[in-house]
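The block underneath contains the structure these notes are about, expressed in structure tokens.
Rule-based calculations on the coordinates, nothing more; no lab input. Being a predicted model, the structure only gives us computed values, none of them experimental. FYI the Cβ positions are ideal-geometry reconstructions off the backbone, even for glycines, and counts take in every protein chain you see.
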Amino acid sequence: MDGWQFGPAQELRRAFILDDTILGPIHWYHPGKSAAVVMSVDDIFPGTSASAYEAGGDLDEGALGHLSWLLERHPQLQMTLFVTSDWRRISPAAHRVWRHLPWVRDRVYLAKVLPKGTMDLRNHPKFVDFLNAMPRTEIALHGLHHINVGRAVSVEFQHQDRAACAAMLSEALQIFDEAGVRHVRGFQVPGWSCSPSLQQACRDVGIEWVMSARDILTPVSRDARTAMSGLNGVSLLFPERIAPNLLHVSTNFQATSAPERAFDILDAGGILSVKAHISKDVPGHTHLDGEDHLYMNYLDRLFGDIEQRYGDAIEWTTLGKLASSLSAASETIAETSAAKDVAAYRAA
Ligand SMILES: [Zn+2]
């Protein structure tokens, strides 16, 4: 979310990926469909307007109500809500003085944080009930606390090894389960960065698909590859198996994108992957794709235009459904690749 880029991603990916015949972009739709639309919303947690900022906690009276309005307006639209298990970040902006002190900055939180447990989903049953009851909506994971020590406050998974990543993911999923969150096996990486260790950890805990790359600038083509936030070099338009049994879908559209980008993506037969953040203004930062009336009205108009222009040729789906349909279509591939898992771990 902060434009943080995973520098050596290409090199690490090359080391991680062993077999190009198995890994790579997947072009597949249901019969009669030529392209697809998915929409996802990040940074959802029980913060209310009485907290530092509202992030879904006001339920129908707040940001989630705006999403419900959009869903009502477009009966084909579906959504993926990325929810954090125990959100602790108050501001994504590192403290001005501390961030220049080498020893300190690598060992403490450089931004204001909430005490552990404040936004733990197990303590917010009405919020969980509301999310679970939203129509045509699935819930997936967006980190445990969404914070880290050091200057990149939001990038929760940075230098942890595979075991540490897996422990954090397990704790986050345990909170989901104990809170009764009805969720799918997907993960939007907090702060976009998705290292090989994190990719391995995802598979260790049963996560089947991830979103890491966000690229809203690279020109659209079927072969376009991401070069902005998160993973570089993955498909801009198509789901891609980045490791055996782990799919990736890129974000390629947001509030600042022109409608033509959406049409170009759909004309190329790609997945139009729209991203929003549940809050527009947070202390020290404004999300350009933050949910406000302007962005909701823009999407309302855009989705209406897509419905008119493409009719039934568009598959309106969720990331989870897309991933599971691809897995189901690729059982043989998944079986073939299973034997290579051990070698893949060693290579990374
Ligand atoms: Zn986030």
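Any lysines with Cα under 25 Å of the residue 116 Cα? List them, leaving off those in the same chain fewer than 8 positions away.
Here the lysines satisfying the reach criterion relative to residue 116 are 126, 280.
Full-extension gain between residue 123 and residue 182, please, as 0.36 nm times their residue separation minus the C-alpha to C-alpha distance.
Result for the pair: 19.6 nm of gain on full extension.
Calculate the FRET efficiency for residue 267 and residue 204 from the Cβ-Cβ distance with a Förster distance of 30 Å, rounded to the nearest 0.05.
The value I calculate is 0.15.
What is the fewest-to-most order of 142, 183 by other Cβ atoms lying within 10 Å of their Cβ?
In increasing order of surrounding Cβ atoms, one gets 183, 142.
What is the sum of charges around residue 292, taking Lys and Arg as +1, Asp and Glu as -1, for the other residues whose C-beta is under 12 Å from the C-beta of residue 292?
For residues surrounding residue 292, the net value is -3.
What is the diffusion coefficient of segment 41-90 in µm²/s, taking the Kirkwood radius over Cα pairs and the Stokes-Einstein relation at 4 °C with a viscosity of 1.567 mPa s?
Diffusion coefficient, whole number: 113 µm²/s.
Relative to the compact-globule scaling 2.2 N^0.38 Å, provide the ratio for the alpha-carbon radius of gyration of segment 135-202.
Ratio of Rg to 2.2 N^0.38 Å for segment 135-202: 1.12.
Obtain the nm distance between the two label points defined at residue 325 and residue 288 by a simple spin-label model: each point lies 7 Å from its Cα along the Cα-to-C-beta direction.
In this crude label model, residue 325 to residue 288 measures out at 3.0 nm.
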